[in-house]
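Asks: Before anything else, here's the structure in question.
The values are calculated or read from the model by the stated rules, or taken from the named source; none is laboratory data. All figures in this text were calculated on a predicted structure; none of them were measured in a lab. Here the Cβ positions follow ideal geometry from the backbone for every residue, glycine too, while neighbour counts run over all protein chains shown. With ligands, DNA and RNA removed, areas are computed over all heavy atoms of the protein, side chains included. Shrake-Rupley method; radii C 1.70, N 1.55, O 1.52, S 1.80 Å.
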Amino acid sequence: MSTTRREFSKGIAATGLGVLAAPSILCAADARVVVIGGGAAGATAAKYIARDSDGAVQVTLVEPKTRYVTCFYSNLYLAGYRTLESITHDYDRLRDSYGVTLMNDSAKEIDPTARRVTLESGETIGYDKLVVAPGVDLKFDAIEGYDEAAAEIMPHAWKAGPQTELLRRQVENTERGGLFVLAAPPNPYRCPPGPYERVCSIAHQLKQRNPSAKILVLDAKDKFSKQELFQDAWDRYYSGMIEWVPAEFGGVVTRVDTAAMTVTTGDETHRVAFANIIPAQTAGAIAHRSGLVGSNGWCPIVSTTMQSRFDENIYVVGDATEAGDMPKSAYSANSQAKVAAMAIRAELTGSRLFPPRLRNTCWSTLAPHDAVKVGAHYEATEDGITTVGSFISTSDEDDNSRARSSTESDAWYDGITADIFG
C-alpha cells in the first residue's frame, strides 16, 4: 500500500497497515478487473486497484453517469450551505491519471461461469475479478401509492441529483405555513443519521423563508442514530417547528396519495404542502439479478476480503453489503473498497496482503457552525465485522467544539472526495 495516503480529519481512511504477506498466486500482466458502480465504493476500488498494480491490472469502471452527485453532503445543499456543483464530481482523473477505462453504461447481467458482464448496450466485458458496488435500491412497493412517478411529486432524494434539486425547489417555494412530512425508513438503510440531519437542513431553510411552517417526522423506527443530539438541536434552533412520531405511536407511513397530497399512517391522514418519502431499502438491482443477495436483501461478504459469500471471484463493497456492525456510509464504503482492492491485487499480482483496517465517521450539521459526529473502529474476522471502539459527540459540548467539528467535516468531505475520484 502507498505511504502517501491522506488522513481524513481524526481518522485514517486507508485500510491496510500490518505485516502479513500473501504468496504470489498469479502473474497478471493482462489481468482484468471490472468494477460495477461509480459511487464512493466503486470509484475507490477502481482507483486503488489501478493505481497500486503498476499497470499489471486492466481496470474497467461501469457507471452510467459521467458526473456523480454525492448523497453525503446533499443535505447541506438542501440547507443552502453548499451548491450542487460543489458536491458533483467527474471520473476524469480516474481515467487520465490512473488508466481506468470508463464505460458509461449499466450492467445488465453477470455470468459468473464465463466471468463476463453484459451491459445494457449489449456489449460484454470479461473479468478475472469483479467488484460489485451497486449501492441501494428503494423498495417502492413498501408504501402503498409510492412509486417512481410518485417520487416526482413527493421526492425521496435518497439518490442525489435531480431528486435533490426537486426537494430543494419544494422547500424554497412551499406555501406559507403548511406542513412538511418526512417519512424516515426502517433499518437498515443508507446513512443512518441522514433523515434527521435533513430535518435540520430543511428547518434551517423554512426558519428563514417560511417560519410558520411545521415539520412532522413520521418514523418507521422507535429510535435513531444521534437521537439525543438531534432532538436537542431541534429544541434549541427550531423550537416549536418539529414533531417526531416514532413507530410505536403511529409513525409508520402506509400510504401516500400524490393527487390529494396526503400521507397516511395506520390511523391518521395528513394533508401536506410537500413531503420527503424515504422508503425501505435493499441492495442494488444487479446484485439481486446476479444471485449475490441473501434472504435479508443484502449481500453477505467475507469481511476480511469483501468477497461475496456466493462467488470467490466477486467482491461486493459499499451500501449493498451485509457488513455486520458497519453502517452504510460513504466513509464505510471507501474503507471497504480499499480492503477489496488490496485483496484483489494480492490475488492477481502476488502483492503484500495486510490485515484489513475498517473505520467510519459520520458528521451531521445541525445549524451553521454546529456539527456533531459519531464513529467507530472495526475488526474484520471470518465471523463478521464487529465494533472494537467507538465515539460520539455529546449534547453539552461548547460552541467552539461544535464549530471545530463543522470545520473538520468540511475537511473530511474535501479529502475523501479527492481520495475517491482522484
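Asks: Being under 13 Å from ASP219 (Cα atoms) and in a loop (DSSP other than H, G, I, E, B) is the filter; apply it to the range 260-291 and report the residue that is most open to solvent (accessible area, probe 1.4 Å).
Replies: Looking at the filtered set, the residue picked out is GLY266.
Asks: List every residue pair whose Cβ atoms lie under 7 Å apart, where the two residues are 6 or more positions apart in sequence or sit on different chains, the first residue falls within the range 230-242 and is of a type outside the set (A, V, I, L, M, F, W, C), and the second residue, located anywhere, is surrounded by 20 or more Cβ atoms within 10 Å (Cβ to Cβ).
Replies: Note: pairs meeting the criteria are TYR237/LEU366; TYR238/ALA203.
Asks: Related question: I'd like to know if the range 183-196 contains one or more residues that are in contact with a Gly (Cβ under 8 Å, 6 or more places away or on another chain) and either charged (D, E, K, R) or open to solvent by 60 Å² or more (accessible area, probe 1.4 Å) (or both).
Replies: Yes, there is a match, as at least one residue in the range 183-196 is in contact with a Gly (Cβ under 8 Å, 6 or more places away or on another chain) and either charged (D, E, K, R) or open to solvent by 60 Å² or more (accessible area, probe 1.4 Å) (or both).
Asks: Could I ask something else about it? Tell me yes or no: at least one residue of the range 351-371 is open to solvent by 30 Å² or more (accessible area, probe 1.4 Å) and acidic (Asp, Glu).
Replies: Looking for residues that are open to solvent by 30 Å² or more (accessible area, probe 1.4 Å) and acidic (Asp, Glu), one finds none in the range 351-371, hence no.
Asks: If you don't mind, there's one more thing I want to ask. Of all the residues that make up the range 224-250, how many are under 21 Å from GLU397 (Cβ atoms), open to solvent by 30 Å² or more (accessible area, probe 1.4 Å) and assigned to a loop (DSSP other than H, G, I, E, B)?
Replies: 2
Asks: Quick one: is GLY324 among the small types (Gly, Ala, Ser), open to solvent by 20 Å² or more (accessible area, probe 1.4 Å) and either under 17 Å from the mean Cα position of the chain (by Cα) or closer than 30 Å to ALA411 by Cα (or both)?
Replies: Here the answer is yes, as GLY324 does meet what is asked.
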